[in-house]
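The block underneath contains the structure these notes are about, expressed in structure tokens.
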Amino acid sequence: RPLNIKTASILSWVFPGMGHYYFGRTGKGFFFTAMELTALASVAITSSSYFDKVDEYNAFENNVVAVGGGWTDAERKQYFDAKNNALLPLIGSSTAAGIVWLWNIWDVKKTSSSKYSDIHPVSIGINYRCQIEARISF
């Protein structure tokens, strides 16, 4: 059956790798699926860590209100800093997941353009500056 780039493009929006599977490029499909699943697992792990730190901070704040003091500002700052430091990996892993998703969509759309070639995905040579150059085309 003839393959349709619109169908592949829609599938690439559904989940990374599906558009490549549709075109029969299982290697690329597996690559993008594995990268996205890894990024999503990282998001799950870092979000769990972040929400644990938020719960610890909120428990500390509720304890301060219930007990009516006795805690130092250094302890409050320690919980607050721990909560904020757990946010950075969550932002990073979420950004990575988004980048993989968009990279996959771009790569599927590139398939129908004149830039795409199945002939030489890996090339090694010497460029115009007399440097050894290796290229991998996805």
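The residue pairs whose first member lies in the range 59-74 and is at pLDDT below 80, whose second member is surrounded by 10 or more Cβ atoms within 10 Å (Cβ to Cβ) and not in a helix (DSSP H, G or I), and whose beta carbons are closer than 9 Å, counting only pairs six or more residues apart or on different chains, are Asn63/Trp71; Val64/Trp71.
Would you mention how many residues in the range 12-42 are closer than 30 Å to Asn84 by Cβ and surrounded by fewer than 19 Cβ atoms within 10 Å (Cβ to Cβ)?
In the first step, residues of the range 12-42 are kept if they are closer than 30 Å to Asn84 by Cβ; the result is 35-42.
Still in the list and also surrounded by fewer than 19 Cβ atoms within 10 Å (Cβ to Cβ): 37-38, 40-42.
Final tally of qualifying residues: 5.
Confirm whether Gly92 is touching a helix residue (DSSP H, G or I) at 6+ places or on another chain (Cβ under 9 Å), open to solvent by less than 70 Å² (accessible area, probe 1.4 Å) and among the small types (Gly, Ala, Ser). If you could, list the steps in order and put the result at the bottom.
Numbers: touching a helix residue (DSSP H, G or I) at 6+ places or on another chain (Cβ under 9 Å): yes; open to solvent by less than 70 Å² (accessible area, probe 1.4 Å): yes; among the small types (Gly, Ala, Ser): yes.
Judged against the criteria, Gly92 is a match.
Of the residues making up the range 1-44, those that are modelled with pLDDT under 85, touching a helix residue (DSSP H, G or I) at 6+ places or on another chain (Cβ under 6 Å) and at positive phi number 0. For the range 45-54, the criterion of a residue being within 12 Å of Asn104 (Cβ to Cβ), open to solvent by 50 Å² or more (accessible area, probe 1.4 Å) and modelled with pLDDT of 90 or more is satisfied by no position.
The values are calculated or read from the model by the stated rules, or taken from the named source; none is laboratory data. As the structure is a computational prediction, the values presented were derived from the model and not from experiment. Here Cβ is always computed from backbone atoms with ideal geometry, including for glycine, and neighbour counts include all displayed protein chains. Note: accessible area is taken over every heavy atom of the protein model, side chains too, but ligands, DNA and RNA are not part of it. Shrake-Rupley method; radii C 1.70, N 1.55, O 1.52, S 1.80 Å.
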